[in-house]
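No lab work stands behind these numbers, since they all come straight from the coordinates. Please read all numbers here as calculations on a predicted model, not as lab measurements. Every residue, glycine as well, gets a Cβ built from its backbone with ideal geometry; the counts of neighbours run over all protein chains shown.
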Amino acid sequence: MPVASASASASPKSASTTKPFDSERAHAALAALVPKLAPCKLAKGSAWSVKVTYAPDGHVLSAVPVGKHAAAQSACVSAPLKKATIAPFAGRPTPYVFNFVAGSK
């Protein structure tokens, strides 16, 4: 009589156990990187908006300045913000608009 064997395959973490996108954590991760923008020499007090898209694994797919400062220092502003990470979340890539004022704490 053949003996049945149990397969011991590890199941990957299911998306149902992953939390939804957390905009507060997204903001905090980006805000922590604002000091890294110092080499960009942004005008103190200038208001910036950056459209950041987070991947479900928590890394930044893109960071694109929008509005009146979109063309000025775009690459300089985008590069540091692309290093932001948050906890993985359920769903699809999620856009988040990050607003900050240059030179403020």
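Quick look at the values:
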read-out: Pairs beyond 31 Å (Cα-Cα), from Lys19/Lys41; Lys44/Lys82; Lys19/Lys83; value: Lys19/Lys41
read-out: Ranked list, fewest to most other Cβ atoms within 10 Å of each Cβ, for Leu33, Leu81; value: Leu33, Leu81
read-out: Contact order relative to length of region 22-101, as percent, for alpha carbon pairs under 8 angstrom and 6 or more apart; value: 41
read-out: Segment Ser104-Ala28, extension gain: residue separation times 0.36 nm, minus the distance between their alpha carbons; value: 25.9 nm
read-out: Using θ = phi - 60° and Karplus 6.51 cos²θ - 1.76 cosθ + 1.60, couplings along region 20-27 (whole Hz; Gly, Pro as x); value: x, 4, 10, 5, 5, 5, 4, 4
